[in-house]
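A.B. asks: Dropping the structure in here first, questions after.
The numbers here are math on the coordinates, done by the rules we state, and not lab data. Since this is a predicted model, take the numbers as computed values, not measurements. Quick reminder, even Gly has a Cβ in these numbers, built from the backbone with ideal geometry, and neighbours come from all protein chains shown.
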Amino acid sequence: NAWSAISIDLNSDPTISGVTLTNNGANVLRFDEGVLPWDTVWDDTDIVHLLTGDVTIPAGNTLTLSPGLVIKAVYSAMDLIIDGTLLAEGTLTAPIVFTGEKDDSAGGDTNDNAALPYAGVWGGLRFTETSTDSSLEYVELRYGGWDTDAAIVADGCQLAVHQAKVTQTATNGVLARN
């Protein structure tokens, strides 16, 4: 398989567990860009989740991420846009990691090329003025900040951040503005 091991659109919600992914173009669960159509839980922590374009959580919808989940992004200008609610609540021993595809230290070498990551390899998390009740706890955000003011931007919204680590960004780590 020269492409992703598993590829789905945002309207899909498969249950995946106990799967080993090897010798693929990308050993990941690949998501297409788009808008989440309903409240969603990403809890397949044994598979790296790969975002291939902007993913938007619309106002009124919630994306819940399970502890230990690794989310990688492909493109430098790719963002997770939160108009609704993002609940990314990891634990001390199982943080949730947001990073670029080239970061082999999280989830392994998912693209089979041993490339080195760099600051700004992807965009980041964008919380808009319609975002409500979002929470980042025991979260690591790595190598973000491409073509933006910060790797995490909170624009005119309330965002709870606890025990977060933001590293190797191309710009500011976190920017809150009203």
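A.B. asks: For segment 32-72, which semi-axes, largest first and in whole Å, follow from the square roots of 5 times the eigenvalues of its Cα gyration tensor? Can you show the working numbers first?
C.D. replies: Working: eigenvalues 64, 36, 9 Å².
Taking √(5λ) for each Cα gyration eigenvalue gives 18, 13, 7 Å.
A.B. asks: Okay, moving on. If the viscosity is 1.306 mPa s and the temperature 10 °C, what translational diffusion coefficient in µm²/s does Stokes-Einstein give for segment 128-178 when Rh comes from Kirkwood over Cα pairs?
C.D. replies: Working: Rh = 11.2 Å.
D, rounded to a whole number, is 142 µm²/s.
A.B. asks: Can you tell me the equivalent ellipsoid semi-axes for the chain? Use √(5λ) from the Cα gyration tensor, largest first, whole Å. Could you put the intermediate results ahead of the total?
C.D. replies: Working: eigenvalues 112, 67, 43 Å².
So the three semi-axes of the chain are 24, 18, 15 Å.
A.B. asks: Springs between alpha-carbon pairs under 10 angstrom, Gaussian network model over the chain: which of Gly124, Gly68, Gly144 fluctuates most?
C.D. replies: Gly68
A.B. asks: When the Karplus curve 6.51 cos²θ - 1.76 cosθ + 1.60 is applied with θ = phi - 60°, which whole-Hz ³J(HN,Hα) does each residue of segment 151-159 get, with x for Gly and Pro?
C.D. replies: Those phi angles translate into 6, 10, 10, 10, 9, x, 9, 8, 9 Hz.
A.B. asks: Further question on the same structure: Can you compute the charge dipole magnitude of segment 50-178 about its Cα centre, using +1 on each Lys and Arg Cβ and -1 on each Asp and Glu Cβ, nothing else charged? Give it in debye, rounded to the nearest 20. Walk me through the numbers before you get to the answer.
C.D. replies: On the way: 6 positive and 16 negative charges, 36 e Å.
That gives a dipole near 180 debye.
A.B. asks: Averaging sequence separations of C-alpha pairs under 8 Å and six or more residues apart, then dividing by the length of segment 31-178, give the relative contact order as a whole percent. Present the calculation step by step, with values, prior to reporting the outcome.
C.D. replies: On the way: 461 pairs, mean separation 28.7, N = 148.
Once normalised by length, the contact order is 19 percent.
A.B. asks: Taking every DSSP beta bridge that has both residues in the chain, what percent is antiparallel when rounded to the nearest 5?
C.D. replies: Working: 0 of 51 bridges.
Counting only bridges with both partners in the chain, antiparallel ones make up about 0 percent.
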